[in-house]
Amino acid sequence: LQAVEAAVRHLEDDPTFDAGRGSVLNAAGEVELDAIIMDGSTLDLGAVIAVKHVSNPITLARLVMTESDHAILVAQGAETLAREHGVVLKPNWHLVVDRERERWHARRSGTNPDEGLFRDAPRGTVGAVARDTDRHVAAATSTGGTFYKEPGRVGDSPLVGCGLYADDQVGAVSATGEGEELMKVVISKSVCDLLRRGMHAQEAAEAGIALLSRRLTGRGGLIVLGRRGDIGIAHSTSWLAHAHVVAGEIRTGVEA
Ligand code: ASP
């Protein structure tokens, strides 16, 4: 849990990604963030939805899991918990970067600088999966959602089984992509079910992406970790940046 939270915090702090500061803006010109974390040994989870004043929603999601009686808190409810636990609330503009402000103005004035969310320079939802030496697994996912979304729109990311799943008996999965499509196939839990049937993580990741294209038109990306430590990475989005560490060796890649 510490590892996935730390990895996702790092990515939330990097304005390259659609998570934390640097996230895409909603139709009202605000950053609105969703995040979820899951403990594979207990199946405990914590999620926050539509928070607007927190730099690291993944840490707040973990607080929901450990410090509240609930699994999911939205908007002001989540931010009240943040305040109670000493998380500094920031004005929304603190999370907004120039690149996204310009993109929002372009869209508002009738010109979309991108030909769709997934055909642009690197950005995107962030996620992490990990397994420790006791073979416990965990997963975390954090996002600013989709560009120009209606305020209050919720994608797949903070929904358990969609944006992630983690179960020591099978492995851990984190997902990215077109949320309205990913949630139709409960993609992360579906991939975990394939792992349970004995599939290797890579095979399961590819089968998960196929679920999106077979009956649907969605594009997505998955990072998968099997309970034996097998790794799977697959995507139908135009690119997926990823990194993993096994026995101290770091491997990174941006796949197009
Ligand atoms: N899955 C995210 C959402 O729909 C977006 C993304 O992964 O790029 O909110």
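The values are calculated or read from the model by the stated rules, or taken from the named source; none is laboratory data. Keep in mind it's a predicted model, so treat the numbers as computed, not measured. FYI the Cβ positions are ideal-geometry reconstructions off the backbone, even for glycines, and counts take in every protein chain you see. Surface accessibility is based on the protein's heavy atoms, side chains included, excluding ligands, DNA and RNA. Shrake-Rupley method; radii C 1.70, N 1.55, O 1.52, S 1.80 Å.
Measuring with a 1.4 Å probe in the full set of protein chains, what accessible area per residue, in whole Å², belongs to the chain?
46
Which shape class applies to the chain: rounded if a/c is under 1.5, otherwise prolate when a/b exceeds b/c and oblate if not, where a ≥ b ≥ c are the square roots of the Cα gyration tensor eigenvalues?
Oblate, because a/c is 1.5 or more while a/b does not exceed b/c.
Report, ordered by chain and residue number, the lysines lying within cross-link reach of K52, taken as a straight Cα distance under 25 Å and ignoring same-chain residues fewer than 8 apart.
Counting by Cα, and skipping residues close in sequence, K52 has these lysines nearby: K90, K149.
Measure off, as a whole percent, the carbon and sulfur share of the 1.4 Å-probe accessible area of the range 169-255, all protein chains present.
Carbon and sulfur atoms account for 52 percent of the accessible area of the range 169-255.
Order of 82-93, 211-222 by packing, highest average Cβ count within 10 Å first?
Ranked from most to least packed, the peptides come out as 211-222, 82-93.
What fraction of the DSSP beta bridges in the chain is antiparallel, stated in percent and rounded to the nearest 5?
Within the chain, antiparallel bridges account for around 90 percent of the total.
Considering only protein heavy atoms and a 1.4 Å probe, what is the carbon-and-sulfur percentage of the accessible area of the range 4-55?
50
Each residue of the range 181-196 in order: what ³J(HN,Hα) in whole Hz does its phi give by Karplus 6.51 cos²θ - 1.76 cosθ + 1.60, θ = phi - 60°, with x for Gly and Pro?
Ordered by residue, 3J(HN,Hα) equals 8, 4, 6, 5, 10, 6, 4, 5, 5, 4, 5, 4, 5, 5, 4, 4 Hz.
Which whole-Hz couplings ³J(HN,Hα) result when phi for each residue of the range 171-178 is put into the Karplus expression 6.51 cos²θ - 1.76 cosθ + 1.60, θ = phi - 60°, listed in order with x for Gly and Pro?
Computed from phi, the couplings for the range 171-178 are x, 9, 9, 10, 10, 9, x, 6 Hz.
Please list 3J(HN,Hα) in residue order for the range 82-96, calculated via the Karplus relation 6.51 cos²θ - 1.76 cosθ + 1.60 where θ = phi - 60°; whole Hz, with x for glycine and proline.
Each residue's phi maps through the Karplus curve to give 4, 4, 4, 10, x, 6, 6, 8, 10, x, 4, 4, 4, 8, 9 Hz.
For the peptides 103-110, 28-35, 199-206, what is the packing order when you average, over each peptide's residues, the other Cβ atoms within 10 Å and list the highest mean first?
28-35, 199-206, 103-110
Calculate, for D134 and N92, the FRET efficiency according to 1/(1 + (r/R0)^6) with r their C-beta to C-beta distance and R0 41 Å; round to the nearest 0.05.
0.55
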